[in-house]
Amino acid sequence: MTDTIEPIDPALPKVELHLHLEGAAPPAFIRGLAQEKKIDIDGIFDAQGHYAYRDFPHFLKVYEAACTTLQTPEDFHRLTLAVLEQSARDGVIYTEAFLSPDFCGRGDLTAWREYLHAITEAAVQAEKTMGITMRGVVTCIRHFGPQKARATARCAAETAGEFLTGFGIAGDENAGHPRDFAYAFDMAREAGLQLTAHAGEWGGPQSVRDTLTHLRVERIGHGVRAIEDPALLDELAENGTVLEVCPGSNVALGLYPSLKAHPVARLRERGVTITLSTDDPPFFHTTNTYEYAALARAFGWTEADFRAINADAARAAFCDEETRQRLLTRLKSD
Ligand code: ADE
Ligand code: ZN
C-alpha cells in the first residue's frame, strides 16, 4: 500500500473553513509580543519553544494565556499577515478565520470595530500580495457564558458585511447547553450572518443533534463524534450538513489515538460532507501541507479526493457567490 501513495503537491489549492486566528499564532510571534510588552508567559512553552499543554482543559488555559499578549489592533494586523503568509505558503487560496472579540485587547468589546478594521486591512493587503482571500467568523467562547455570547453576537451583528460573514461558538463544549446560546445565534442570523458551532468534538453525537436543533447552524465545527450514531450520520448526509473536520487537532488533543483511527474517511464513505482544516496549527504541530500528506498516507487519498473535498468546502464557504465561483474556478485550474 505504501508504494502506491501518490505524493500530494504542497501547492495544491486549498479552501480552509476552520482556523482560529489567535490559535494560528506561531509561538515565536507570541513570545516576541510577550517580550515587547514584558508579559511573563514562559510557562506556556516547552524547552523547544513550542506551546505545551497536558489535555484539552489545559490547552484552553494555554491558549488564553497566549492571547493576553494580543493587546492592540496593530498586534492583530501583524498576526493576520503572519497567519495568512503561512496559509498561502501551504496553497490555501481561501481561509475563513474565527475571530474572538473576547480575546481582543482583554475583551474590551467597545473597541471591536478597531480590531476588525486592522484585521480587514491586513486581509486586503494579503489578498493583493499573496492571492489568498480571507473572511471572518466572529466566535463567542462557550465557557465565558451566554451573556458574553450575546454581547459578542451583538458585535458581530453590528459589523456584518462583505468581510465579516459568519458567527460561531468555540471553547469548552461541555460548558452549558446549546439552547443557552440560542438567543445569540438568533441575533447573528437576523443580521444575515451564516452560522457554525463547535460540537461533536468533546460532546458525543447528542451535542451535534442539540446544536442543529437549537442553534440551526449550517456547518458543524468538528462534528466527528457523529460517527457513533448511524441515524445521525444518515441525517447529516441527507441534509447536506457540512463538517469542518480537523484531523490533526483531534489526534493532538487525544480524541483519537492516531490518524488511522480517526473517523474522517468513514464519515466521507457514509456520504457526510466533510471539509479539511487545521484549527490551531502551531498548537498541534501541523500545517495544511502536513495534514494532506498524512491523510494521503493514512487513507490512500489522492489529489482527486482532495480537489473534490476542497470544492465541497468552496460550496460551503460563508462568502458571496462571485467569490465562490472564483474559488471553484481556481480549484479546477491551479
Ligand atoms: N478553540 C480553539 N481551538 C478549539 C478547539 N479545538 N475546540 C474548542 N475550542 C477551541
Ligand atoms: Zn476550532
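Highest GNM mean-square fluctuation among THR287, THR323, THR275, for the chain modelled with Cα contacts below 10 Å: THR323.
Charged side chains reduced to their Cβ positions (Lys and Arg at +1, Asp and Glu at -1) give the chain a dipole of some 140 debye around its Cα centre.
Projected label points at ASP210 and HIS177, each 7 Å from Cα along the beta carbon direction, are separated by 0.7 nanometres.
For a quick check, take a GNM of the chain with Cα springs below 10 Å and name the residue from LEU243, LEU232, LEU164 with the largest mean-square fluctuation. Fluctuation is largest for LEU232. When each of the peptides 277-283, 99-105 is scored by the mean number of other C-beta atoms lying within 10 Å of its residues, the order from highest to lowest reads 277-283, 99-105. Length available on full extension from GLN125 to ASP320: 0.36 nm per residue minus the Cα-Cα distance, which gives 68.3 nm. The lysine pair tally for the chain, using Cα distances under 20 Å and a gap of 8 or more places or different chains, is 5. The shape of the chain comes out rounded: with a ≥ b ≥ c from the C-alpha gyration tensor, a/c is under 1.5. With both residues required to sit in the chain, DSSP beta bridges show an antiparallel share near 5%.
The distance from the alpha carbon centre of the stretch 90-137 to that of the stretch 199-241 is 28 Å, rounded to a whole number.
At 222 nm, what helix-only mean residue ellipticity would the chain give, in deg cm²/dmol to the nearest 500, using -39500 (n - 2.57) for each DSSP H run of four or more? That calculation yields -14500 deg cm²/dmol at 222 nm. Only Cα sites of the stretch 162-314 enter the Debye sum here, all with the same form factor; the resulting log10 I(q)/I(0) across q = 0.09, 0.14, 0.15 1/Å is -0.27, -0.68, -0.78, listed in q order. Computed over the chain with a Gaussian network model linking Cα atoms closer than 10 Å, the most mobile of PHE45, PHE76, PHE167 is PHE45. Label positions at ARG54 and ALA28, each projected 7 Å from the Cα along the C-beta direction, are separated by 3.1 nm. If R0 equals 35 Å, the separation of the Cβ atoms of THR72 and ALA11 corresponds to a calculated FRET efficiency of about 0.50. Could you please state, rounded to a whole Å, how far the C-alpha centre of the stretch 252-282 is from the C-alpha centre of the stretch 24-66? Cα centres, the stretch 252-282 to the stretch 24-66: 25 Å.
Rule-based calculations on the coordinates, nothing more; no lab input. As the structure is a prediction and not an experimental result, all values here were calculated from the model. Please note: Cβ atoms are built from the backbone with ideal geometry, for glycine as well, and neighbour counts cover all protein chains shown.
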